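To start, the structure under review is shown below, and the notes come after it.
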Amino acid sequence: MLVLLAVFWSAVWPYITGALVLGGAGTAAWWLWRTDRLVRGRDRLWRQEEAVKAGHRTLAEMDAMTGTDFEDLVASLCRRDGCTQVRRVGGANDNGADVVGRLPDGRTMVIQCKRYAPSSSIASRELRDLLGAKVHFGADLAVFVTTTRFSRPSERFAVQHGILAVHRDHLGLWNNGDSLLSLHEVNGRGQGDSWHRARWKRAYGR
């Protein structure tokens, strides 16, 4: 091969040189692309962390909020997670919804927010009202966010009807950086065992 290469060098050297140049350019382009992806990834992570820090509120601070302030907080958490067209619609004649918008995957959502005392619980009728709001707004996903817990019947109702039920513990996860959609993986969990209920009663007196 070396002999043949020497004999035909004058004919093949432009092709070999071109291949080396193209290979070098391709390697450099790949390296630049990879570096850009790494930098962008770190930048997104940093921005996410900063957004979590900027919007972070303790659960005690949420307990002291007005209903409107709590709705605004929920809307801001949705925007932090990449939701679009998010707006607060709570108030008189809100048709059972407090926040509406689109999830990052494009699906529409309707959210009911209840800033209740942690010693109270959410009844099934409030989740039925949210189902009505889902139909009224033509939403793909219904979300119920509260500073307290769901009663056992209401929690079962939420799971059976595909409602994302964000109780106090899951609200803490969301507030601390977990995305809204990631809470689907723990929907209907986190408050039903006897040990947890005993802790809840000791903490909140009921």
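With respect to the conditions (1) assigned to a helix (DSSP H, G or I); (2) of a type in the set (Val, Ile, Thr); (3) under 15 Å from Asp169 (Cβ atoms), Val145 lacks only one, and its number is (1). The set of residues in the stretch 147-183 that are open to solvent by less than 60 Å² (accessible area, probe 1.4 Å) and more than 19 Å from the chain's Cα centre (by Cα) comprises Thr148, Phe150, Ser151, Ser154, Glu155, Phe157. Can Phe144 be described as open to solvent by 70 Å² or more (accessible area, probe 1.4 Å) and either modelled with pLDDT of 90 or more or not polar (S, T, N, Q) (or both)? Against the criterion (open to solvent by 70 Å² or more (accessible area, probe 1.4 Å) and either modelled with pLDDT of 90 or more or not polar (S, T, N, Q) (or both)), Phe144 does not qualify.
The values are calculated or read from the model by the stated rules, or taken from the named source; none is laboratory data. All values derive from a computational prediction rather than experimental measurement. Note: ideal-geometry Cβ built from the backbone for every residue, glycine included; neighbour counts use all protein chains shown. For the accessible areas, the whole protein counts, side chains as well, though only heavy atoms, and no ligand, DNA or RNA atoms are used. Shrake-Rupley method; radii C 1.70, N 1.55, O 1.52, S 1.80 Å.
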